[in-house]
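Trainee: Below: one structure in structure tokens.
The values are calculated or read from the model by the stated rules, or taken from the named source; none is laboratory data. From a predicted model like this one, the values you see are computed outputs, not experimental measurements. A quick note on method: Cβ atoms are made from the backbone with ideal geometry, for glycine too, and the neighbour counts reach across all protein chains shown.
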Amino acid sequence: MRKLSTPSDCGRNDGATPVWRDGERTAISVTSGNSMFLATDGEGYETQMGRWSRRLAPLLINFAGGNPAGRHLDAGCGTGSLTCALAGHPDVERVVGVDVSPDYISYAARLHASPRIEFEVGDITELRFENAAFDGVWSSLVLQFVTDPHRAVAHMCRVTKPGGVVAAATWDTRGGVVAQRMFWDTAAVIDPDAASYRATAFVRPMSRPDGLREAWRAAGLAHVEIESLTIRMEFTSFADFWSSVDSRNGPYAAYLSTREEAMKQAVRRLVRHAYLDGEPDGLRSYAATAWTVKGTVQ
Ligand SMILES: C[S@@+](CC[C@H](N)C(=O)[O-])C[C@H]1O[C@@H](n2cnc3c(N)ncnc32)[C@H](O)[C@@H]1O
């Protein structure tokens, strides 16, 4: 198992205000503590991603064996999609959801009130739990946003019992998520900052199967397997699509909230064209594929 070292202070911001990095390859990256994900509005996150991560959660659970039992940890639980799916399994006694965002945790606690579920604010690169405290540890759509994902995976392994499974999913941002491609490829044509963001975020090792495999192996996990799983994201109209983009959450918000109004409107206009494909406004269904990884603690 990877040895846990003293945490680095890289990008640390103990206040609530995101740090906007200037002069780096991307000017729109946001770092708060050990997270690079802007997470300030639970309800907005549900519209943006929670409605889709809820579809992905049962597929991830099936991929990892399908019959979780005992105590489980959802690392980076957000608004609790995977936490709730795990708690729905009859042999699961308890699920703890941990996320660094107090806004998401309080929203999740209201959304998924259950005696089998606990939510708490915490950093998955600094998990407070004892060794081998859980039968299984999970993470969905998180690791690509963690400043030190190897450290997070090492902690996830440490708190899992021998024989337990550590499993994760991350979007295949480069090749698998049509809606995100549509937005960033369109914005990148007219805005170099969007192109820089794409060049940074789309190639993160945790969004790629080789990077995930390497992290799982480096953590000492056995029987490492990778697969890809696809859901559909359905939008009722362009307004529905844009409401998921123009919120206070995630990379879209980190980007749009720092644009001049004229640039924001230009991006919106072009993305609308891409959404319509020359047809009347209405329902669109886009494939979204995640890489999934699992391994067993020895
Ligand atoms: C895309 S959201 C995924 C949320 C949820 N797992 C889901 O599937 O909907 C990414 C989440 O990772 C959390 N996060 C990022 N870095 C973290 C860290 N170091 N510790 C805990 N949570 C973190 C963010 O706050 C955010 O809720």
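Trainee: Taking residue 85, is it touching a strand residue (DSSP E or B) at 6+ places or on another chain (Cβ under 6 Å) and surrounded by 18 or more Cβ atoms within 10 Å (Cβ to Cβ)? Talk me through it step by step, then tell me what you get.
Mentor: On the way: touching a strand residue (DSSP E or B) at 6+ places or on another chain (Cβ under 6 Å): no; surrounded by 18 or more Cβ atoms within 10 Å (Cβ to Cβ): yes.
Judged against the criteria, residue 85 is not a match.
Trainee: Now for a different question. Name the single residue, out of those in the stretch 69-84 being near the ligand (Cβ under 10 Å from one of its atoms) and among the aliphatic types (A, V, I, L, M), that is nearest to residue 124 (Cα to Cα). Working first, answer last.
Mentor: Narrowing the stretch 69-84 to residues near the ligand (Cβ under 10 Å from one of its atoms): 74-83.
With the extra rule that they be among the aliphatic types (A, V, I, L, M), the set shrinks to 75, 82.
On the way: 75: 6, 82: 16 Å.
By that ranking, first place goes to 75.
Trainee: For the stretch 41-63, give me the residue count where each residue is near the ligand (Cβ under 10 Å from one of its atoms) and either among the small types (Gly, Ala, Ser) or more than 14 Å from the chain's Cα centre (by Cα) (or both).
Mentor: 4
Trainee: Next question. Look at the stretch 36-86 and say how many of its residues are of a type in the set (Asp, Glu) and out of contact with any Phe, Trp or Tyr (no Cβ under 7 Å at 6 or more places or on another chain). Show your work before the answer.
Mentor: The first filter runs over the stretch 36-86 and keeps only residues of a type in the set (Asp, Glu), leaving 41, 43, 46, 74.
Then keep just the ones that are out of contact with any Phe, Trp or Tyr (no Cβ under 7 Å at 6 or more places or on another chain); that gives 41, 46.
The number of residues fulfilling the criteria is 2.
Trainee: Ok, one more. State which residue is farthest from the chain's Cα centre (by Cα) when the search covers only the stretch 186-201 and only residues that are surrounded by fewer than 20 Cβ atoms within 10 Å (Cβ to Cβ) and without any contact (Cβ under 8 Å) to a residue 40 or more places away in the chain.
Mentor: The residue in question is 192.
Trainee: When you check residue 168 against the structure, is it of a type outside the set (Asp, Glu), touching a Phe, Trp or Tyr at 6+ places or on another chain (Cβ under 8 Å), within 15 Å of the ligand (Cβ to nearest atom) and on the phi < 0 side of the Ramachandran plot, yes or no?
Mentor: Values: of a type outside the set (Asp, Glu): yes; touching a Phe, Trp or Tyr at 6+ places or on another chain (Cβ under 8 Å): yes; within 15 Å of the ligand (Cβ to nearest atom): yes; on the phi < 0 side of the Ramachandran plot: yes.
Yes: the conditions hold for residue 168.
Trainee: Moving on to the next point. How many of the residues making up the stretch 221-243 are touching a helix residue (DSSP H, G or I) at 6+ places or on another chain (Cβ under 6 Å), outside any strand (DSSP E or B) and closer than 22 Å to residue 207 by Cα?
Mentor: The number of residues fulfilling the criteria is 0.
Trainee: Shifting gears a bit: Do we find a residue being within 9 Å of the ligand (Cβ to nearest atom), touching a residue at least 12 places away in the same chain (Cβ under 8 Å), buried (at least 17 other Cβ atoms within 10 Å of the Cβ) and under 19 Å from the mean Cα position of the chain (by Cα) anywhere in the stretch 89-97? Steps first, please.
Mentor: Of the stretch 89-97, the ones within 9 Å of the ligand (Cβ to nearest atom) are 97.
Now narrow it down to the ones that are touching a residue at least 12 places away in the same chain (Cβ under 8 Å): 97.
Restricting the remaining residues to those that are buried (at least 17 other Cβ atoms within 10 Å of the Cβ) gives 97.
Filter again for under 19 Å from the mean Cα position of the chain (by Cα), leaving 97.
Checked the stretch 89-97: at least one residue is within 9 Å of the ligand (Cβ to nearest atom), touching a residue at least 12 places away in the same chain (Cβ under 8 Å), buried (at least 17 other Cβ atoms within 10 Å of the Cβ) and under 19 Å from the mean Cα position of the chain (by Cα).
Trainee: If you don't mind, another one. Among all residue pairs at least 6 apart or on different chains, which show Cβ distances below 7 Å where the first residue, located in the stretch 229-249, is touching a residue at least 12 places away in the same chain (Cβ under 8 Å) and the second is in a strand (DSSP E or B) and basic (Lys, Arg)?
Mentor: Matching pairs, first to second residue: 235/284.
Trainee: Any idea how many residues of the stretch 129-158 are within 14 Å of the ligand (Cβ to nearest atom), of a type outside the set (S, T, N, Q) and more than 17 Å from residue 92 (Cα to Cα)?
Mentor: Going residue by residue through the stretch 129-158, those that are within 14 Å of the ligand (Cβ to nearest atom) are 129, 137-156.
Still in the list and also of a type outside the set (S, T, N, Q): 129, 137-138, 141-143, 145-146, 148-156.
Subset that is more than 17 Å from residue 92 (Cα to Cα): 129, 141-143, 145-146, 148-156.
Matching residues across the stretch 129-158 total 15.
Trainee: Residues in the stretch 61-77: is at least one of a type in the set (Val, Ile, Thr) and closer than 27 Å to residue 161 by Cβ? If you could, list the steps in order and put the result at the bottom.
Mentor: Here is the first cut: in the stretch 61-77, the ones of a type in the set (Val, Ile, Thr) are 61.
If we keep only those that are closer than 27 Å to residue 161 by Cβ as well, we get 61.
Yes, the stretch 61-77 has at least one match.
Trainee: Restricting to the stretch 111-120, give me the number of residues that are more than 17 Å from residue 55 (Cα to Cα) and either near the ligand (Cβ under 8 Å from one of its atoms) or touching a residue at least 24 places away in the same chain (Cβ under 8 Å) (or both). So that I can check it myself, show each step before the final result.
Mentor: First pass over the stretch 111-120, keeping only residues more than 17 Å from residue 55 (Cα to Cα): 113-120.
Those left that are additionally either near the ligand (Cβ under 8 Å from one of its atoms) or touching a residue at least 24 places away in the same chain (Cβ under 8 Å) (or both): 114, 116-120.
So the count comes out to 6.
Trainee: I'd like to know if the stretch 280-289 contains one or more residues that are aliphatic (A, V, I, L, M), more than 18 Å from residue 52 (Cβ to Cβ) and at pLDDT 95 or above.
Mentor: no
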